[in-house]
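Undergrad: Got a structure here, written out as structure tokens. Questions coming.
The values are calculated or read from the model by the stated rules, or taken from the named source; none is laboratory data. All figures in this text were calculated on a predicted structure; none of them were measured in a lab. Positions of Cβ are generated from backbone atoms using ideal geometry, with glycine treated the same way; all protein chains shown enter the neighbour counts.
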Amino acid sequence: MFFGSARDTTDIAKQLSLDETTARLTLAKAKGKMLAARKPRPTPFIDKTMYVSWNAMSVSAYLDAARVLGGSLGASCRTFALKTLDRMLKEVWTEARGFGHRIGGPALEGSLDDQVFCVLALLDAYEATRDPRYFAAAQKPWTSPSPATATRRRRLLRSPLRRRTDGRPRHPP
């Protein structure tokens with residue numbers, strides 16, 4: 001019962017009728033045994049890819065946190081969010097392709113999720129700062145005259161999310 005609970009060692013000692021020192025020693029021994037059992041196993045893979053859609057959702061969350069927290073902590077959240085968004089605009093946005101799928105590494109075409117979450121983050125940034133460049137950037141993926149924008153629109157119209165179960169479009173194109 002030590003693991004997986006957020007209870008204090010004092011509470012656990014009382015529940016098990018042990019003194020606190022014995023409970024702490026038992027917990028330390030158990031953690032040591034778990035570490036010894038885990039050590040010979042290979043370290044699990046950690047995906048360090050910086051996905052655009054997840055970063056965009058993070059930007060929106062940090063801007064919400066900045067609004068709620070206020071003060072220096074809120075300002076710090078806001079600064080981090082805007083820095084992240086500015087990096088995304090600089091590194092993964094192109095007029096021809098819209099937002100890419102990941103930050104860093106070889107360029108991958110962005111998915112609909114990447115486009116949508118970035119636009120939402122840009123609109124959140126505009127609401128937080130009233131900086132018109134964020135509003136203008138939010139409009140680009142959908143209003144750009146480039147052939148890629150037309151392709152994105154066509155892809156969205158052909159999306160399975162827009163189709164009824166009988167295969168016909170939900171809305172006329």
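Undergrad: Look through S111, S72 and report the one residue that is closer than 22 Å to K48 by Cβ, hydroxyl-bearing (S, T, Y) and modelled with pLDDT of 70 or more.
TA: Result: S111 is the single residue among S111, S72 that is closer than 22 Å to K48 by Cβ, hydroxyl-bearing (S, T, Y) and modelled with pLDDT of 70 or more.
Undergrad: Has the range 129-140 got any residue that is touching a strand residue (DSSP E or B) at 6+ places or on another chain (Cβ under 6 Å), closer than 12 Å to A56 by Cβ and without any contact (Cβ under 8 Å) to a residue 60 or more places away in the chain?
TA: No, the range 129-140 has no match at all.
Undergrad: Further question on the same structure: What do you reckon, is D64 in the same structural domain as K140 (by TED's automatic domain parsing), within 19 Å of Y134 (Cα to Cα) and in contact (Cβ under 8 Å) with a residue 60 or more places away in the chain?
TA: Taking the combined requirement at face value, the residue satisfies it.
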